[in-house]
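Participant: My questions all concern the structure below.
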Amino acid sequence: MPARSSWELNQQSLDRLLAWLDPERHRAGERYEAIRLKLTKFFEWRRCPFAEDCVDEAINRVARKLEEGQDVQVSPESFFFGVAQFVLREQFKNARPVEAPNLDTLAAEEPAEGVERRHDCLEQCLSSLPGNSRTLVEGFYRGDGRARIENRQKLAAERNIPLNTLRIRVHRIRLQLETCVSACVEN
């Protein structure tokens, strides 16, 4: 995965980024989605193992540079792809070989009871979430492949928010769930 900085995209930074792309919000959103799609292809075509994470990192870095007041003398697309090239270099520079897991070792590490316990804890933690958060996170992870992408676009449209904002919200909910599940499993 790409190296993550401590800076995170917030609503104000996202608004600044969209305003930089186009003064008219609707066209800015369309341009943002087109750039996001091109960045995804950029990373996928270069066989980046974590393409979506790299796209998010590139967008965050551009947003941070705009927030810091950097004067950009090139088109937004050129600037995004320049940043994406740095993210890609870092990705491959820091890449470690991935070993295939030994299924015997994995089976020994977490017995069936452990998997059941984690699942029960996840269900318990999901039920403790407010209804809209649970619906959001369950909807976000529903489906596979293209269906999942379309589902996420639909969720963002229903809430009248950009797709990246949806991703940020789900990420925050997921962090809460991971903390809750870990605490539950330990007890």
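Participant: Among Trp20, Trp7, Trp45, which comes first, then next, by fewest other beta-carbon atoms within 10 Å?
Facilitator: Details: Trp20 16, Trp7 13, Trp45 9.
Ascending Cβ contact count within 10 Å gives the list Trp45, Trp7, Trp20.
Participant: Using the membrane-span-like helix rule (whole DSSP H runs, Cα extent along the own axis of at least 20 Å, mean Kyte-Doolittle hydropathy at least -0.5), which helices of the chain qualify? Present the calculation step by step, with values, prior to reporting the outcome.
Facilitator: Values: long enough: 25-45 (30 Å, -1.02); 51-67 (24 Å, -0.55); 76-93 (26 Å, 0.16); 112-128 (24 Å, -0.77); 145-159 (22 Å, -1.51); 163-186 (34 Å, 0.26).
Membrane-span-like by this criterion, though nothing is claimed about a membrane: 76-93, 163-186.
Participant: May I ask you to derive the FRET efficiency for Ala19 and Leu122 from their Cβ-Cβ distance with R0 = 30 Å, giving the value to the nearest 0.05? The partial results should precede the final answer.
Facilitator: Working: r = 39 Å, r/R0 = 1.31.
For R0 = 30 Å, the calculated efficiency reads 0.15.
Participant: Just round it to a whole percent: the fraction of Cα-Cα distances in region 103-186 exceeding 19 Å. Don't skip to the answer; put the middle values down first.
Facilitator: Values: 1697 of 3486 pairs.
Of the Cα pairs, 49 percent sit more than 19 Å apart.
Participant: When only C-alpha pairs under 8 Å and at least 6 residues apart count, what is the relative contact order of region 103-186, in percent? Please list the in-between numbers first.
Facilitator: Values: 39 pairs, mean separation 30.5, N = 84.
Here the relative contact order equals 36 percent.
Participant: Further, regarding this structure: Mind jotting down a quarter of the surface of the convex hull over the alpha carbons of region 1-77, in square nanometres, one decimal?
Facilitator: Working: hull surface 21.2 nm².
So the Cα hull casts an average projection of 5.3 nm².
Participant: Sum -39500 (n - 2.57) across every DSSP H segment of at least 4 residues in the chain, then divide by the residue count to get the 222 nm mean residue ellipticity, nearest 500. Kindly include the intermediate steps, with their values, before the conclusion.
Facilitator: Working: 9 runs with 140 residues, N = 187.
Taken over the chain, the calculation gives -24500 deg cm²/dmol.
Participant: Let me ask you something else. Describe numerically, in nm with one decimal, the distance between label points set 7 Å from Cα along Cα→Cβ at Glu30 and at Glu77.
Facilitator: In this crude label model, Glu30 to Glu77 measures out at 1.4 nm.
Participant: Let me ask you something else. Longest segment of the chain with no GluC sites (Glu not before Pro) in a DSSP loop having at most 15 other Cβ atoms within 10 Å?
Facilitator: With a cap of 15 other Cβ atoms within 10 Å, the longest stretch comes to 100-187.
Participant: If you place +1 on the Cβ of every Lys and Arg, -1 on the Cβ of every Asp and Glu, and leave all else neutral, what size is the dipole of region 103-186 about its Cα centre, to the nearest 20 Debye?
Facilitator: On the way: 13 positive and 13 negative charges, 172 e Å.
It comes to approximately 820 debye.
Participant: Sticking with this one: Using the 4.7 Å Cβ rule, please list in number order the cysteines from the chain without any candidate partner.
Facilitator: Cys48, Cys54
Participant: Taking the Cα centre of the chain as origin and charging only Cβ (+1 Lys, Arg; -1 Asp, Glu), how large is the dipole, in debye to the nearest 20? Mind showing how you got there, number by number?
Facilitator: On the way: 29 positive and 30 negative charges, 150 e Å.
Dipole magnitude for the chain comes out near 720 debye.
Participant: Rounded to whole Å and ordered largest first, report the semi-axes of the equivalent ellipsoid of the chain derived from its Cα gyration tensor (root of 5λ). Display every interim value, and only then the final one.
Facilitator: Working: eigenvalues 219, 99, 45 Å².
The answer is 33, 22, 15 Å, longest axis first.
Participant: How far apart, in nm, are two points set 7 Å out from the Cα along the Cα-to-Cβ line at His171 and at Glu52?
Facilitator: For His171 paired with Glu52, the spin-label model returns 1.2 nm.
Participant: State, to one decimal in nm, how far the label point of Glu67 lies from the label point of Thr179, with both points 7 Å from Cα in the Cβ direction.
Facilitator: Between Glu67 and Thr179, the simple spin-label model gives 2.0 nm.
The numbers here are math on the coordinates, done by the rules we state, and not lab data. Note that the structure is a prediction, hence the values are computed from the model and not measured. Note: ideal-geometry Cβ built from the backbone for every residue, glycine included; neighbour counts use all protein chains shown.
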